[in-house]
Amino acid sequence: MSLTHGLWQATAPDAPHTATLTGDVRVDVAIVGAGYTGLSAALNLAERGLSVAVIEAKHIGFGGAGRNVGLVNAGMWVMPDELPKVLGAVHGERLLSVLGDGPQEVFARVAKHNIDCELQTAGTLHCAVGLSGIKELQQRAQQWQARGAAVRLLDAAETAQKMGSNAYPAALLDLRAGTIQPLAYVRGLARAAIEAGAKVFTGSPVSAIEAAGDQWRVVTDGGSVTANWVIMATDAYAKGPWDIIRTEQVHLPYFNMATIPLPEDIRRSILRQGQGAWDTAEVLSSFRMDAQGRLVWGSVGALRHGARGVHREWAKRAMTRVYPQLKGIGFEHEWFGWIGMTDDNLPRFHRFADRAVGVSGYNGRGIAPGTVMGRVLAEHVAGDLHADDLPLPVTTAKSADLRAAKEIYYEAGAAMLHAVEHRL
């Protein structure tokens, strides 16, 4: 059983053929990292006629792109009205606009390139836990509706009808959003980028990025890529040169567990219209169906150091509390990964040096923002988008305060909470 990519590895179409980097390759743009951001950038650049090489340490979608829940959400965790306060009015509203439309950009890519990724476009449900959860969703609904977004607050009866459960008193239905098989999607982006002319090298960890006259040289054990520009797209899994991308983020562990394909009568009773869902609990739960009728249940926690059993038993209890008809049904896939959290829960646009840029820090919202920011990076590198017109300010990366202590706290705290809840 794969504890890294789990169900997604078992059900995704094969990745396109790639090889390790050997010799010296010369291109216009070198991209480090084959996730949503890197491959979206590669595809957009190749479509503009630029030569591109993507260098990946492991394999396509190795990081968060191949491990996440598969919710294609609009916006970020931060309340819409807070973004302009944090980023300033200009960048805040720009970011809200591009990320609000982010799911539609994903859906358009899937359609254009015929990506087989179990796409569902029925929206998502953000489910309220208690009165505080209802108030939070009321605020989100009001703030998004004021910007013309297709969101609606559902009452208890409407929520129960959508979910097939009376467990939540309200939910925010976001019709902009949807779900995908995340590893299948990123592999589809890679295939489309290669067909457009991009080169993708896997199993090629970058050991150095060096100035070579007025160009850059990206070095691996087997070869190098010489390019005019470098895009860093490694996000929370960054290692090697400019690993400040990793250290400016606090790792939050997140696991998913998938049931067996459910009997048809039970399958029809859960999330009847195909939405994916998550709740407002501080240590949240997420849940969605896959194309074969498995329920995928997730929460904060790492499946290691003896905590795997704790999280599994908690997930069974939490799942059957929402859907009692699942009592006695276990999990056939379990996996986990890491979410990179910035101090303000917003992404970063960095210029590491002249003609070396990157966006990172998606805070658990990687699918649509990664796709969008890959396109934004491509437009910037191609000269179509000036730095003053970016949806994020250019910032200098710095290590997160108390990062190691916070990571221990999040991992241990989630395990303790799930252990206590299991005993209640």
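The values are calculated or read from the model by the stated rules, or taken from the named source; none is laboratory data. Only a predicted model underlies this, so the values are computations on that prediction, with no experimental measurement involved. Using ideal geometry, Cβ is built from the backbone for each residue, glycine included, and neighbour counts are taken over all protein chains shown. Note: areas computed on protein heavy atoms with side chains; ligands, DNA, RNA excluded. Shrake-Rupley method; radii C 1.70, N 1.55, O 1.52, S 1.80 Å.
Observations on the model:
One line per residue, one yes/no per condition, for (1) free of Cβ contacts under 8 Å to residues at least 12 places away in the same chain; (2) among the aromatic types (Phe, Trp, Tyr); (3) in contact with a Lys or Arg (Cβ under 8 Å, 6 or more places away or on another chain):
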site	(1), (2), (3)
37	no, no, no
62	no, yes, no
70	no, no, yes
77	no, yes, yes
81	no, no, no
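- Output for the stretch 267-285, where each listed residue is under 26 Å from residue 5 (Cβ atoms) and either of a type in the set (A, V, I, L, M, F, W, C) or in contact (Cβ under 8 Å) with a residue 60 or more places away in the chain (or both): 270, 271, 274, 275, 276, 277, 278, 279, 281, 283, 284
- Count - residues of the stretch 354-382 that are open to solvent by 10 Å² or more (accessible area, probe 1.4 Å) and either over 30 Å from residue 212 (Cβ atoms) or touching a residue at least 60 places away in the same chain (Cβ under 8 Å) (or both): 9
- Taking the criterion of being closer than 24 Å to residue 80 by Cβ and without any contact (Cβ under 8 Å) to a residue 24 or more places away in the chain, the only residue of the stretch 156-200 that qualifies is 158.
- Within the stretch 299-309, being buried (at least 20 other Cβ atoms within 10 Å of the Cβ) and not in a strand (DSSP E or B) holds for 301, 302, 303, 307.
- Against the list (1) of a type outside the set (Val, Ile, Thr); (2) touching a strand residue (DSSP E or B) at 6+ places or on another chain (Cβ under 9 Å); (3) open to solvent by 10 Å² or more (accessible area, probe 1.4 Å); (4) touching a residue at least 12 places away in the same chain (Cβ under 8 Å), the condition residue 402 fails is (4).
Okay, residues lined up against (1) out of contact with any Lys or Arg (no Cβ under 6 Å at 6 or more places or on another chain); (2) modelled with pLDDT of 95 or more; (3) crowded, with 20+ Cβ neighbours inside 10 Å:
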| residue | (1), (2), (3) |
| --- | --- |
| 253 | yes, yes, yes |
| 262 | yes, yes, yes |
| 269 | yes, yes, no |
| 274 | yes, yes, no |
| 283 | yes, no, no |
| 287 | yes, yes, yes |
| 297 | yes, yes, yes |
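- When each of 143, 138 is tested for being more than 30 Å from residue 192 (Cα to Cα) and either free of Cβ contacts under 8 Å to residues at least 40 places away in the same chain or touching a helix residue (DSSP H, G or I) at 6+ places or on another chain (Cβ under 6 Å) (or both), the lone residue that passes is 138.
- Residue 14 meets all of the listed conditions (1) open to solvent by 30 Å² or more (accessible area, probe 1.4 Å); (2) within 30 Å of residue 148 (Cβ to Cβ); (3) touching a residue at least 60 places away in the same chain (Cβ under 8 Å) but one, namely (2).
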